[in-house]
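Please read the structure below before turning to the comments.
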Amino acid sequence: MSNMYSKSGLLVEAFEKTVESKQTGLYILTNKVGSELTVTNYGAKIVSLMVPDKDGDFRDIVLGHPTIDEYITSEEPYFGALCGRTANRIANGRFTLDEVDYQLPINNGPNSLHGGIKGFNAVVWDVMKVTDNSIELYYLSKDGEEGYPGNLSVWVTYTLTEDNSLDIIYRASTDK
């Protein structure tokens with residue numbers, strides 16, 4: 001356990017938990033300007049982004065929660081999250097791919113929203129690589145997960161650049 005705090009006041013220890021036998025954590029990325037991005041591998045979520053305002057004072061511009069437990073139990077499960085397998089609604093939770101009909105879990109009125117009941121926002125991603133200013137995360141969504149066909153490998157890389165941009169690169173491949 002760590003007693004380290006982020007610039008935004010987040011306690012790293014408050015993000016350390018085992019969820020379905022996988023470890024969650026809070027990763028602090030910085031650039032030479034002094035900006036700071038914090039990311040948790042639970043849902044590949046951006047937790048905070050501290051950047052200077054017009055007066056040079058650092059402000060958090062991300063709406064988020066101060067602990068991993070609040071992300072897990074929140075009625076707002078998509079704060080800072082990477083949504084998937086899909087983003088937005090699939091009407092009636094049904095779609096057809098290659099002449100095969102699929103039924104997805106319903107979690108938004110009559111629809112399936114943002115990948116279903118347990119989309120990418122609610123799983124622990126593997127941390128592949130961390131540098132001072134970037135993190136690469138990976139998740140394997142197995143065939144049939146939330147009703148979707150095929151194994152889907154997904155990588156996301158968050159990079160806090162020296163000009164205070166946040167670059168996000170998504171890569172994915174599937175066998176179906």
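The values are calculated or read from the model by the stated rules, or taken from the named source; none is laboratory data. The shown structure was predicted, so the numbers you read here are calculated from the model rather than taken from an experiment. So basically every Cβ, Gly included, is an ideal-geometry build from the backbone, and we count neighbours across all protein chains shown.
Tabulated data
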{"read-out": "Members of the stretch 1-26 that are more than 22 Å from residue 57 (Cα to Cα) and of a type in the set (Phe, Trp, Tyr)", "value": "15"}
{"read-out": "Members of the stretch 70-125 that are assigned to a strand (DSSP E or B), among the aliphatic types (A, V, I, L, M) and either closer than 22 Å to residue 158 by Cβ or without any contact (Cβ under 8 Å) to a residue 12 or more places away in the chain (or both)", "value": "124"}
{"read-out": "Filtered residue count, the stretch 122-133, keeping only those that are surrounded by 18 or more Cβ atoms within 10 Å (Cβ to Cβ) and over 16 Å from residue 45 (Cβ atoms)", "value": "1"}
{"read-out": "The listed residue being at pLDDT 95 or above and either of a type outside the set (Gly, Ala, Ser) or within 27 Å of residue 27 (Cβ to Cβ) (or both), out of 169, 117", "value": "169"}
{"read-out": "Hey, residue 135 more than 23 Å from residue 68 (Cα to Cα), at pLDDT 95 or above, of a type in the set (A, V, I, L, M, F, W, C) and touching a strand residue (DSSP E or B) at 6+ places or on another chain (Cβ under 7 Å) or not", "value": "no"}
{"read-out": "Where residue 168 falls short, out of the listed (1) within 20 Å of the chain's Cα centre (by Cα); (2) more than 29 Å from residue 75 (Cβ to Cβ)", "value": "(2)"}
